[in-house]
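The values are calculated or read from the model by the stated rules, or taken from the named source; none is laboratory data. What you are looking at is a predicted structure, and each value in this text was computed from that prediction instead of being measured. Here Cβ is always computed from backbone atoms with ideal geometry, including for glycine, and neighbour counts include all displayed protein chains. Just so you know, the surface numbers come from the protein's heavy atoms only, side chains and all, with ligands and any DNA or RNA stripped out. Shrake-Rupley method; radii C 1.70, N 1.55, O 1.52, S 1.80 Å.
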Amino acid sequence: MHEPETSNTQGGGAPTAETQFGSRRVAESEKAPLVRAVFDSVAVRYDLMNDLMSGGIHRWWKADMIAWLNPRPGQRLLDVAGGTGDIARLALPKLAGAVAAIVCDANANMLEIGRANAIDAGILDGIEWLCGDAEQLPFADRSFDLYTVAFGLRNVTRIERALAEARRVLRPGGRFLCLEFTPAVGPMLQPLYDLYSFQLLPLLGQIVTGDRDAYTYLVESIRRFPAQGALCEMIAASGLGQVKFRNLTGGIAALHSAWRL
């Protein structure tokens, strides 16, 4: 389950709220800069690492995400923690409009790489790239028909606030869809999954990106993320309705769906 916030009193002053950064407890104010530093370190090789560490399966998961999202012409998509923009690029052919999709991410380096990749792919229009915080989205209420977040919700400091923001910016009848790794798999796969996650994946990160610690954090952040049912409860508590989830690849990842009613 998602761990509740706790507080420490530093120097006799006001209590300082804490949260998880991987396996470490840190002040809430420290997490966002730490996460940005992780993605600054791996941004150039991020897409390559996704292919290597998943054997390309993440592309199937994202295709499933777009198929379940079922975007339609005239809708506006907000892809939060969108990184290099692969979700927006997949959805774009089914959307229409001068700015059909906005990729919002807290890391400017990831956005620059995503913009360059889109240009290289011949995508010059339809996507806007914006640096912003998932917990304080720089958009008006009821601005979007679709909200997606893929492998990014576990990196925010306060998941509840990010979910509340998702509901705020969605129009009535709008769709929320989250793709994320799950903290545990079936008991038969768990020992092999643990070996891969805690030993092989950080080593691969060291070889490819030169940053073992970044991928150690990413593994730890997965294990600290709420399980499927707990995340459903958090999404429902934000005011979104008709919450359901779908496991992918034996429960290694899951899609969570909800609607702004």
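From the list R212, R158, R246, R167, pick out the single residue that is charged (D, E, K, R), more than 18 Å from the chain's Cα centre (by Cα) and either at positive phi or open to solvent by 10 Å² or more (accessible area, probe 1.4 Å) (or both).
Within the list R212, R158, R246, R167, the selection yields R212.
If you check every pair at least six apart or on different chains, which have Cβ atoms under 6 Å apart with a residue in the range 206-217 that is farther than 14 Å from A37 by Cα first and a residue that is part of a helix (DSSP H, G or I) second?
Q206/R212; V208/R45; V208/M49
Could you identify the single residue in R171, R212 that is basic (K, R) and under 25 Å from E30 (Cα atoms)?
The match here is R212.
Any residue at all in the range 238-247 that's in a helix (DSSP H, G or I) and in contact (Cβ under 8 Å) with a residue 12 or more places away in the chain?
no
Return the residues of the range 162-200 that are at pLDDT 95 or above and either aromatic (F, W, Y) or assigned to a loop (DSSP other than H, G, I, E, B) (or both); say none if nothing qualifies.
F176
Quick one: in the range 215-236, which of the residues that are farther than 17 Å from V149 by Cβ and either open to solvent by less than 50 Å² (accessible area, probe 1.4 Å) or over 15 Å from the mean Cα position of the chain (by Cα) (or both) is modelled with the lowest pLDDT?
By that ranking, first place goes to Y215.
Give, as residue ranges, the strands (runs of 3 or more DSSP E) completely inside the range 86-161 that count at least 1 residues that are in contact with a Phe, Trp or Tyr (Cβ under 8 Å, 6 or more places away or on another chain).
99-105, 144-150
Does S238 fit the bill of being in contact with a Gly (Cβ under 7 Å, 6 or more places away or on another chain) and within 27 Å of V38 (Cβ to Cβ)?
For S238, the condition - in contact with a Gly (Cβ under 7 Å, 6 or more places away or on another chain) and within 27 Å of V38 (Cβ to Cβ) - is not met.
Which one of these does G241 not meet: (1) surrounded by 14 or more Cβ atoms within 10 Å (Cβ to Cβ); (2) touching a Leu at 6+ places or on another chain (Cβ under 6 Å)?
(1)
Restricting to the range 49-85, what's the tally of residues that are in a helix (DSSP H, G or I), open to solvent by 20 Å² or more (accessible area, probe 1.4 Å) and either of a type in the set (A, V, I, L, M) or within 18 Å of L170 (Cα to Cα) (or both)?
6
Among the residues of the range 170-188, how many are surrounded by 15 or more Cβ atoms within 10 Å (Cβ to Cβ), in contact with a Gly (Cβ under 9 Å, 6 or more places away or on another chain) and over 18 Å from N70 (Cα atoms)?
Adding up the residues that qualify gives 4.
For L201, are the conditions met, namely being surrounded by fewer than 19 Cβ atoms within 10 Å (Cβ to Cβ) and more than 26 Å from Y147 (Cα to Cα)?
no
Return only the number of the condition from (1) surrounded by fewer than 21 Cβ atoms within 10 Å (Cβ to Cβ); (2) over 15 Å from the mean Cα position of the chain (by Cα); (3) modelled with pLDDT of 95 or more that I127 does not satisfy.
Checking I127 against (1) surrounded by fewer than 21 Cβ atoms within 10 Å (Cβ to Cβ); (2) over 15 Å from the mean Cα position of the chain (by Cα); (3) modelled with pLDDT of 95 or more, the one that fails is (1).
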